[in-house]
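Have a look at the structure below, then the notes.
The values are calculated or read from the model by the stated rules, or taken from the named source; none is laboratory data. All figures in this text were calculated on a predicted structure; none of them were measured in a lab. Please note: Cβ atoms are built from the backbone with ideal geometry, for glycine as well, and neighbour counts cover all protein chains shown. Each accessible area value is taken on the protein alone, full model and side chains, heavy atoms only, with ligands, DNA and RNA left out. Shrake-Rupley method; radii C 1.70, N 1.55, O 1.52, S 1.80 Å.
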Amino acid sequence: MQSSLNGSFELMEFGTYIFKKEGYLEKTVIIENDKYHIIQLNLNPSQLNEVIINSNHIAKKLKNATASINIISSQDIERSNNININTVLNKTPGVFMQSGALNTNRITIRGIGSRNLFGTSKIRAYFKDIPLTNGSGETNIEDFELGTISRLEIIKGAVSSVYGAGLGGTIHLIPEQGDFSKQQIANQLSIGSFGLVKNLSSLNLSSKKSSLKAIYSTTQSDGYRDNNEYNRKTFTLNSSHFIGDKDELAFLASFIDLKAFIPSSLNETNYLNNPTSAAFTWNQAKGFEDSKRGILGLSWNHDYNSKIKQSTSIFTSYRKGYEPRPFNILSEKTIAVGIRSRLIGQNKIFNKPLNWTLGGELFKDTYKYSTYENLYQDFPPETGSAKGNRLSDFKEKRNYYNAFFETNYNISSKTILSIGLNLNETSYTLKDRFPVSESNPDQSGDFKFKTILSPKFGVSHELAKNINAFSSLSHGFSPISLEETLLPDGQINTSLKPETGWNFEFGTRGSIIQNKLQFNVSIYRLNIKNLLVSRRIEQDQYIGINAGKTQHDGIEMGLDYQLISNKSFHVSTVVNYSINDYKFKTFIDESNDYSGNDLTGVPSQIFNGIIDFYSSIGIYGNINFQHVGEMPITDSNNLYSDSYSLTNLKIGFKRNLFSRLNYNLFLGLNNIFDKHYASQILINASGFGGNAPRYYYPGNPVNYYTGINLDYTF
């Protein structure tokens with residue numbers, strides 16, 4: 001039967017229907033004498049290539065995509081513990097998330113973002129349709145509760161015109177939505193090593209045209225290391241309301257309250273001999289991060305007719321942070337507002353389908369931050385940080401807009417052509433509110449990028465019934481943070497240029513052996529120019545310089561094979577492998593020439609092997625083996641981290657206790673062979689006061705988690 005652009009269709013009579021769609025699990029629904037029903041189907045992990053994706057707002061099957069896109073389903077999330085998102089992301093080819101602590105992480109996609117010392121940059125992220133990337137291009141997703149996410153869509157490389165053409169790509173977090181077919185309450189309690197206690201409660205309410213999903217979680221941990229305590233509370237609300245056949249309103253709210261202490265990195269001696277210790281000064285200051293974060297968004301989807309629909313979202317977000325560090329205390333506050341709207345259509349040209357989207361995104365945020373003296377050395381050690389005189393006081397206004405267009409045209413029944421265009425303009429205004437003196441020059445000023453136009457071209461061709469090949473050529477860029485434009489004399493360096501690059505890629509995806517084996521393989525080259533380098537001039541001060549070019553060559557492979565699949569037992573294996581050859585093509589920093597060296601902070605290879613099983617009696621489990629190759633720690637390549645291998649295990653048992661009550665018991669072991677490894681590297685670290693450089697964040701030794709999940713449908 002033919003549906004409209006938003007999936008609406010009409011049934012001529014009532015009764016019991018079985019709804020099926022390739023890539024989704026079938027569902028039986030009784031249609032009575034009600035006029036309106038919402039039918040939701042869940043992803044089928046064994047048919048992901050058939051899943052309809054909306055990463056570019058143009059619905060199409062994943063196998064027909066003209067770019068490298070990976071879907072992390074709710075089943076993939078359940079395979080791991082739901083404490084740290086890095087265990088989920090690191091199973092995706094081309095993606096690598098280093099995790100020094102639950103609140104200390106850095107994500108790279110195909111090597112992009114590896115030079116950011118603290119946190120994630122040059123990678124865009126969205127929570128539903130709300131940007132998680134701030135006005136300076138920095139992204140933070142590790143604070144979000146994994147239990148609120150139904151799936152992630154990861155677009156690798158500068159191929160997403162509609163999401164800002166970021167060099168590294170885009171991570172799209174799709175929140176759990178309410179199920180229109182039931183009312184349900186659930187609770188999951190987990191405990192584990194290092195004092196871990198986590199509780200997650202959820203409520204699902206629905207009516208014929210409305211659904212609501214509310215999730216509240218608390219996570220506490222003492223941590224493996226000294227000064228490593230972690231305490232987080234989250235609340236997420238997601239609701240959908242259908243107003244007639246043509247309109248849908250959706251509301252999304254997310255709140256996070258986090259206090260996490262910071263052990264920081266260690267020098268080689270302490271990393272090898274005393275990995276539980278915190279960095280001396282951070283331990284003395286009892287450094288920590290205390291932040292509150294909120295997101296509010298309202299979306300409206302409207303069907304003009306069966307061929308054109310509009311989707312518009314307005315949003316606001318805030319973050320308030322307080323972070324005592326040994327060298328100062330940072331107090332900050334960010335408030336952002338924005339709107340994102342697009343038209344989505346389907347037409348025919350020369351009797352061939354043409355799908356398109358046209359829209360724009362406007363984003364404004366205001367960032368206020370001050371630093372203060374940290375007087376911890378003037379008090380007894382147990383006191384920790386103590387706030388002193390103000391050292392700086394800034395107010396930044398950061399604005400950008402994206403205008404975008406993308407279209408998919410079926411040249412023939414087997415070939416799809418994709419063309420996209422993104423237009424971006426970014427500007428900053430800095431107000432220095434600290435009293436001006438000879439030692440404190442006024443740093444106020446404006447900085448505006450030149451308008452950047454980023455095109456994209458892609459093609460997908462069906463080689464056989466279930467096998468497609470694709471290729472793409474795309475342009476992307478990464479903005480400069482305002483802090484990187486500041487020179488030591490307080491002036492703004494207007495000669496800095498944003499990093500830009502071209503991405504070339506060829507790949508194939510599909511399924512063979514009676515659809516038992518799903519595969520995707522791609523080879524790519526990403527050339528970056530105007531390489532931005534943060535040169536450290538003080539313990540807490542950096543300046544940015546354009547120092548050259550990098551070349552990112554790589555091969556990615558993903559295989560998913562169903563060894564056994566019947567009504568009583570299912571066994572599957574997943575293999576993901578990335579080979580990375582990233583080089584400084586040209587890199588001259590003052591008198592140092594690093595041209596030809598390996599790109600710092602990225603492993604040479606990453607391998608993941610997973611065996612997953614479940615049975616009709618309720619027993620399930622998986623074992624995951626991960627190998628991470630060596631990483632260059634310094635630009636000179638005179639120091640590399642050791643490669644390492646980790647093995648994680650999870651087993652569980654789930655059954656119906658009563659007709660409406662289900663339970664799920666589980667036990668997991670991480671790093672079961674107790675390997676000593678560095679879970680995060682601080683590249684190009686410098687030693688201060690005659691101390692050795694602190695390059696290493698030690699990973700957790702063998703550790704466990706266990707828990708129970710109960711859900712009741714009423």
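Tabulated data
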| read-out | value |
| --- | --- |
| Relative contact order of the chain, pairs being alpha-carbon contacts under 8 Å that are 6 or more residues apart, as % | 10 |
| Over 19 Å between alpha carbons, listed pairs 364/497; 465/516; 309/348 | 364/497 |
| Label point distance in nm, residue 150-residue 659, each placed 7 Å from Cα along Cα→Cβ | 2.8 |
| Reciprocal mean inverse distance between Cα atoms of segment 568-695 - Kirkwood radius, Å | 18.2 |
| Stokes-Einstein D in µm²/s, Kirkwood radius over Cα pairs - segment 227-334 at 4 °C with 1.567 mPa s viscosity | 74 |
| Two-decimal Rg/Rh across segment 284-338, once Rg and the Kirkwood Rh are taken from alpha-carbon atoms | 1.37 |
| Rg/Rh for segment 466-532, where both radii come from Cα atoms and Rh is the Kirkwood radius | 1.32 |
| Cβ-defined net charge surrounding residue 304, 15 Å radius [Lys, Arg +1; Asp, Glu -1] | 0 |
| nm² value of the averaged projected area, convex hull over the Cα atoms of segment 643-712 | 7.2 |
| Segment 564-651 - accessible surface per residue (Å², probe 1.4 Å) | 45 |
| C-alpha center-to-center spacing [segment 335-373, segment 84-116] in angstrom | 25 |
| Charge tally in the Cβ shell below 12 Å around residue 246, where Lys, Arg are +1 and Asp, Glu are -1, residue 246 excluded | -3 |
| For segment 120-186 versus segment 599-667, the gap between their alpha-carbon centres in whole angstrom | 21 |
| Segment 177-258 - Kirkwood radius from inverse mean 1/r over Cα pairs (Å) | 14.5 |
| Dipole of the chain, positive end: most advanced residue of 249, 682, 194 [Cβ charges, Cα centre] | 249 |
| Taking segment 341-425 and dividing mean pair separation by its residue count, relative contact order in percent (alpha carbons under 8 Å, at least six apart) | 30 |
| The chain - mean residue ellipticity at 222 nm from DSSP helices (-39,500 (n - 2.57) per run, n ≥ 4, rounded to 500) | -500 deg cm²/dmol |
| In sequence order, calculated HN-Hα J values of segment 676-693 (Karplus, 6.51, -1.76, 1.60; Hz; x Gly/Pro) | 8, 8, 9, 7, 7, 10, 9, 6, 6, 5, 10, x, 10, x, x, 8, 5, x |
| Largest-first principal axis extents, alpha carbons of the chain, Å | 82, 57, 44 |
| Histogram of C-alpha separations across segment 308-380, 10 Å bin width, % | 16, 24, 19, 15, 12, 8, 5, 1 |
| Alpha carbon convex hull of segment 433-512, volume per residue in cubic angstrom | 132 |
| Rel. contact order, % - alpha carbon contacts under 8 angstrom, at least six apart, segment 557-668 | 19 |
| Distance between segment 573-590 and segment 215-237 - C-alpha centres, whole angstrom | 34 |
| Trypsin sites (Lys or Arg not before Pro) restricted to DSSP loop in segment 462-518 with at most 10 other C-beta within 10 Å | 465 |
| Anchor residue 320: aspartates and glutamates whose Cα lies under 14 Å away (excluding residues fewer than 8 positions away in-chain) | 143, 257, 289, 290, 332, 365 |
| Whole-percent pair-distance distribution, where bins are 10 Å wide, for the alpha carbons of segment 503-657 | 10, 26, 26, 19, 13, 7, 1, 0 |
| Scaled radius of gyration (Cα, divided by 2.2 N^0.38 Å) that segment 111-220 gives | 1.30 |
| Rounded percent of accessible protein surface that carbon and sulfur make up, segment 571-714, 1.4 Å probe | 55 |
| Compactness index (Cα Rg / 2.2 N^0.38 Å), segment 538-598 | 2.10 |
| With 10 Å bins from 0: P(r) over segment 575-637, alpha-carbon pairs, percent | 20, 31, 20, 15, 9, 5, 1 |
